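What follows is a set of notes on a single structure, which appears directly below.
The values are calculated or read from the model by the stated rules, or taken from the named source; none is laboratory data. Just so it is clear, the model here is predicted, and its values are computed rather than measured. All Cβ positions, even for glycine, are placed from backbone atoms using ideal geometry, and neighbour counts span all protein chains on display. Each accessible area value is taken on the protein alone, full model and side chains, heavy atoms only, with ligands, DNA and RNA left out. Shrake-Rupley method; radii C 1.70, N 1.55, O 1.52, S 1.80 Å.
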Amino acid sequence: MHQYHSEKKEVVVVGGGIAGLTVASLLGREGYSVTVIEKGKKLGGRAQTKEKGGFYFNQGAHSFYLSGPGPGKEILAELDVVYHGKSVNREKQELYFTNQFSFFPNNLSRLLEIKGLSSQAQQEIGNFLGSLGMLDAKQWTGISLSDWMESSGYHEQTRQIIEAIVRLGTYSTAVERIDTGFVMKLMNTLIDVWYLDGGWQTLIDGLEKAARKVHVKMMNGMKVTSIQKTSSGYDIYLADRQAIHAEYVVLTTDPITSSKLIDSEGKYLQQLADQVEPIYVACLDVALHKLPDSTREFVLGVESPLYYSVHSSAAKLAPENGELIHLMKYLLPEKVNKPQEIRQELEAFFTLIQPGWQEELVSTQYLPQMPVAYDLISANRGGLSGRPSVKVEGLPNLFIAGDWVGDEGQLAQASFASARQVVRAIVSNDQSF
Ligand SMILES: Cc1cc2nc3c(=O)[nH]c(=O)nc-3n(C[C@H](O)[C@H](O)[C@H](O)COP(=O)(O)OP(=O)(O)OC[C@H]3O[C@@H](n4cnc5c(N)ncnc54)[C@H](O)[C@@H]3O)c2cc1C
């Protein structure tokens, strides 16, 4: 612990998900007096896991990027957060393409095994896979994936397969807007993807423990309704009308909530809320007694943006005689989505992969419109470096963190990264006095 200032400064963190708990634990270690205010009864936000009859339901398919762009692993180690899990078995990954199951082309030798692929597409995908690790990501920053594929003159099937791989890595279907520079950066990195024993709740529980160890105060089930700037910091108003004063405020809420909490002098936050393009998915999470076909562990739809994966095949998420499966549809941002139709589509995809699953059914969780990230990494806004900084223009000592903030990583990795940037900014602000 580094306590270089004599008086403990008060910090209020709004939101108790990954970003909020990371900010709180790291700042607590620096000697700040931190309070986390979370509107939900439980901490965790989108990283919560619900236990039902020995099955651990994350909120949709969650994979922890153990390696890859972002500091999550490093921060969790620094905070002594213990978690266990296993890498996804890539040998068992399949594509559903031209109405057939094929091996996933994660290396060149597998390419010939994709059924229904034209020779032109085979060659193009071969060249693309062969160039991974050597792609110049910077060169493509500011160019959308669709423009890059267009300029490459790719065959329709090549585009479909690249789009499916990009969906898997980013959850985004917005090919006209997602930044190719970021996509290349992601593809260049060998990502070790882990499913976590007990679900992502283990990360939340570990972060909570780390925060409590440094005396962070948790106020769950308390909604922040507004924030007023004062001469010495901020007054934070809660739904029960009590107010808390703090020198620093960190918002880890979604962009719209953040802009509404502080409407006077909050024009900059309003601009940010107006520009973001959230990524949504529909999630059908299923607990079964057993898989009708135990060989099918992972299938990615190519022509249809669908996903199926048996997370319990790698991680402890189900009791002895049980399996936990995540199905998803990556949603198109501009389309009006009909939850019941999408559920039927997901169930039909499941039947194709696991005929007779209904006889093995234990329970389901359907989340028709989940925000995976509050913003995509946009080509128009200059890729990663176009995301807003943790500092908020016009509001000194008020910071933002989350998966839409900062120039590092995506999804939860961006929440970890921006949380650490907030902590560094606050500490350096106090050191300069
Ligand atoms: C289906 C799905 C799959 C995903 N898969 C992956 C994956 O494979 N890999 C990956 O890295 N990431 C994945 N993610 C993303 C990951 O879950 C999020 O990036 C991460 O959990 C975000 O954490 P956060 O703290 O930034 O935001 P949140 O978890 O949204 O936390 C914000 C918190 O603020 C609280 N809050 C809001 N308003 C108020 C208020 N007025 N007062 C008090 N509290 C308030 C909310 O209740 C919430 O708890 C996935 C997300 C989804 C939905």
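Here are the numbers for the structure shown:
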quantity	calculated
Count of region 133-160 residues which are open to solvent by 60 Å² or more (accessible area, probe 1.4 Å) and either of a type in the set (Asp, Glu) or farther than 22 Å from Thr173 by Cβ (or both)	7
Leading residue by the ranking (farthest from Phe298 (Cα to Cα)) among those in region 15-40 that are open to solvent by 10 Å² or more (accessible area, probe 1.4 Å) and touching a strand residue (DSSP E or B) at 6+ places or on another chain (Cβ under 6 Å)	Ser33
Matching residues in region 296-326 - criterion: being free of Cβ contacts under 8 Å to residues at least 24 places away in the same chain and open to solvent by 50 Å² or more (accessible area, probe 1.4 Å)	Glu320
Count of region 384-411 residues which are within 11 Å of the ligand (Cβ to nearest atom), open to solvent by less than 20 Å² (accessible area, probe 1.4 Å) and either at pLDDT below 95 or farther than 21 Å from Ser259 by Cβ (or both)	2
Conditions (1) more than 16 Å from the ligand (Cβ to nearest atom); (2) within 18 Å of Val372 (Cβ to Cβ); (3) of a type in the set (S, T, N, Q); number of the one not met by Ser309	(1)
Members of region 267-295 found to be surrounded by 22 or more Cβ atoms within 10 Å (Cβ to Cβ) and over 30 Å from Arg381 (Cβ atoms), listed by number	Leu284, Asp285, Val286, Ala287, Leu288
Residue match in region 165-185 (condition: touching a Lys or Arg at 6+ places or on another chain (Cβ under 9 Å), β-branched (Val, Ile, Thr) and touching a residue at least 24 places away in the same chain (Cβ under 8 Å))	yes
In region 76-108, the residues that are in a loop (DSSP other than H, G, I, E, B) and not hydrophobic (A, V, I, L, M, F, W, C)	Asp80, Tyr83, His84, Asn89, Thr98, Asn99, Pro105, Asn106, Asn107
Pairs where the first residue, in region 37-64, is more than 18 Å from Val362 (Cα to Cα) and the second is of a type in the set (Phe, Trp, Tyr) and assigned to a loop (DSSP other than H, G, I, E, B), C-beta under 6 Å, 6+ apart	Ala47/Trp200; His62/Trp200
Any chance Lys73 is in a loop (DSSP other than H, G, I, E, B) and basic (Lys, Arg)	no
Restricting region 213-266 to residues that are assigned to a helix (DSSP H, G or I) and open to solvent by 60 Å² or more (accessible area, probe 1.4 Å), the residue that is farthest from the ligand (Cβ to nearest atom)	Lys213
Residue tally, condition more than 15 Å from the ligand (Cβ to nearest atom), in contact with a strand residue (DSSP E or B) (Cβ under 7 Å, 6 or more places away or on another chain), under 30 Å from Pro292 (Cβ atoms) and open to solvent by less than 40 Å² (accessible area, probe 1.4 Å), over region 353-383	4
Pairs where the first residue, in region 16-35, is farther than 18 Å from Glu74 by Cα and away from the ligand (no atom under 13 Å from the Cβ) and the second is among the aromatic types (Phe, Trp, Tyr) and open to solvent by 10 Å² or more (accessible area, probe 1.4 Å), C-beta under 8 Å, 6+ apart	Gly31/Tyr4
Subset of region 64-79 [within 11 Å of the ligand (Cβ to nearest atom) and closer than 18 Å to Gly402 by Cβ]	Phe64, Tyr65, Pro69, Gly70, Gly72
Flag if Leu66 is of a type in the set (A, V, I, L, M, F, W, C), open to solvent by 20 Å² or more (accessible area, probe 1.4 Å) and in contact with an Asp or Glu (Cβ under 7 Å, 6 or more places away or on another chain)	yes
Number of the condition not met by His84 [criteria: (1) within 13 Å of the ligand (Cβ to nearest atom); (2) within 17 Å of Ser312 (Cα to Cα); (3) open to solvent by 60 Å² or more (accessible area, probe 1.4 Å)]	(1)
Residue list for region 52-63, filter: within 12 Å of the ligand (Cβ to nearest atom) and either of a type in the set (Ser, Thr, Tyr) or open to solvent by less than 30 Å² (accessible area, probe 1.4 Å) (or both)	Phe57, Asn58, Gly60, Ala61, Ser63
Inter-residue pairs, beta-carbon under 7 Å, first assigned by TED's automatic domain parsing to the domain that holds Ala239 and in region 212-223, second of a type in the set (D, E, K, R) and in a helix (DSSP H, G or I), 6+ apart	Val214/Arg29
Boolean, Gln100 is more than 10 Å from the ligand (Cβ to nearest atom) and closer than 18 Å to His326 by Cβ	no
Of all residues making up region 327-352, the number that are touching a residue at least 40 places away in the same chain (Cβ under 8 Å), among the charged types (D, E, K, R) and exposed (fewer than 13 other Cβ atoms within 10 Å of the Cβ)	0
